[in-house]
Amino acid sequence: MIEAIVQYIPQLLQGFVVTLSVAVGSFVLGLIFAVVLAPAAVYGSAPVRKVIAGYVSLIRGLPELLVIFLIFYGGTVLLSGLFGGYVEVDALTAGIAALTVVSTAYLTEIVRGALAGVSSGQWEAALALGLRRPGAFRLVVLPQMMVRALPGLGNQWLVILKESALVSIIGLEELMRKSVVAAGATHKPLAFYLTAAALYVLVTGVSTLFINACNRRLTTHLR
C-alpha cells in the first residue's frame, strides 16, 4: 500500500495545490466582495439593502453543485454570445468563480452581522475625537468588527476548503479527483482516500491554529 501511495505522491501534491488554489482564491475574493457589500447592507439605502439581501437569500438557497454547473456551462454560453464565437470557460476559473459567488453570500452575512454588532456609540465617539468616517471605520470599528467576525470567517474558510472537492465534477483535477484516479488505477481506494483525508486534516489543523492565534491577538485588549 505504501509503495502505491509513494508512486502517486507527485500527482496527489499537484491536486493538493489545485485544491488550495481554488479554496484560497474563492475565499479571498469572497471576503473582498463581502467587505464591500456588508457595509452597504447595514448603512445603504433600502433598495440596496433589498438587492443584497435577495442575492444572499438566493445563493444560500441553491446547492453549491448547481452554482458550479451554472457558472461553468452558463459562462461559456454567455461569453460565446458576447464575443460572437465559441469561448470556453476553463474549469479552474469556473470553479473559483462559482465558489466565490457562494462564499460571498455567506461571508457577507458574517461580516454584516459583525458590523451591525458594533454599537453606533463607537462611531459617535470616534467622530467626536475628530476622526473622519474612513479613519473611524479603520481605527475603531474595523478591529471590533473583526473580533466578532473571526469565528464565522474561520468556519467559512473550512467549509470552502471542503467544498473545493465539488469542482472535480467539471473536470478540474484537484485532490479528490487525483485520489479517485489513483484509487482506480491501483485498486487501493482506502489508501488514497485516507491520504486525501490526511491532507485535508493537515490544512484544517494549520488553519485552526492560525485562526486561534489571530483571535488571541485581536482579543488581547479584552483580557
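List of remarks:
- Between 0 and 90°, nearest 10: helix 91-116 axis offset from the chain longest Cα axis: 30 degrees
- Against the criterion of solvent-accessible heavy-atom surface with a 1.4 angstrom probe, Lys178, Lys188, Lys162 sort, most first, into Lys162, Lys188, Lys178.
- Per residue, the solvent-accessible area of segment 1-143 (1.4 Å probe, heavy atoms of protein chains only, all protein chains present) comes to 55 Å².
- Partners of Lys50 within straight-line reach, counting lysines whose Cα lies under 18 Å from its Cα and excluding those fewer than 8 residues away in the same chain: none found.
- Note on surface exposure: Phe210, Phe16 rank Phe210, Phe16 by accessible area, highest first, 1.4 Å probe.
- Potential extension, Tyr86-Ile32 segment - 0.36 nm per residue separation minus Cα distance: 16.4 nm
- Taking N as its residue count, the alpha carbon Rg of the chain over 2.2 N^0.38 Å: 1.22
- The C-alpha atoms of the chain define a longest principal axis, and helix 175-186 lies at about 10 degrees to it.
- Selection from Leu199, Ala105, Ser120, by position along the positive dipole direction of segment 105-223 (Cβ): Ser120
- Beyond 23 Å, the tail of the calculated P(r) for segment 55-143 holds 50 percent of the Cα pairs.
- Cα lying deepest toward the dipole's positive end in the chain, options Gly15, Met176, Pro63, charges on Cβ: Pro63
- The long axis of helix 9-43 is offset from the longest Cα principal axis of the chain by roughly 20 degrees.
- Taking a straight Cα-Cα cut-off under 28 Å and skipping sequence neighbours fewer than 8 places away in the same chain, the lysines within cross-link reach of Lys188 are Lys162, Lys178.
- Alpha-carbon Rg/Rh ratio, for segment 1-68, with Rh computed the Kirkwood way: 1.27
- Check: the chain dipole with +1 on Lys, Arg Cβ and -1 on Asp, Glu Cβ, in debye: 900 debye
- Seen from every direction in turn and averaged, the convex hull around the alpha carbons of segment 167-213 projects onto 3.6 nm².
- Counting Lys and Arg as +1 and Asp and Glu as -1 over every other residue whose Cβ lies under 13 Å from the Cβ of Gly171, the net charge comes to -2.
- For segment 68-97, chymotrypsin sites (Phe, Trp or Tyr not before Pro) meeting the loop criterion (DSSP other than H, G, I, E, B) and having at most 15 other Cβ atoms within 10 Å: Tyr86.
- Computed on the Cα atoms alone, the convex hull of segment 138-223 gives a volume of 100 cubic angstrom per residue.
The values are calculated or read from the model by the stated rules, or taken from the named source; none is laboratory data. On a predicted model such as this, the values are computed, not experimentally measured, just so you know. When we count neighbours, we look across all protein chains shown, and the Cβ atoms used for this are built from the backbone with ideal geometry, even at glycine. What goes into the accessible areas is simple: the full protein's heavy atoms, side chains included, and nothing from ligands, DNA or RNA. Shrake-Rupley method; radii C 1.70, N 1.55, O 1.52, S 1.80 Å.
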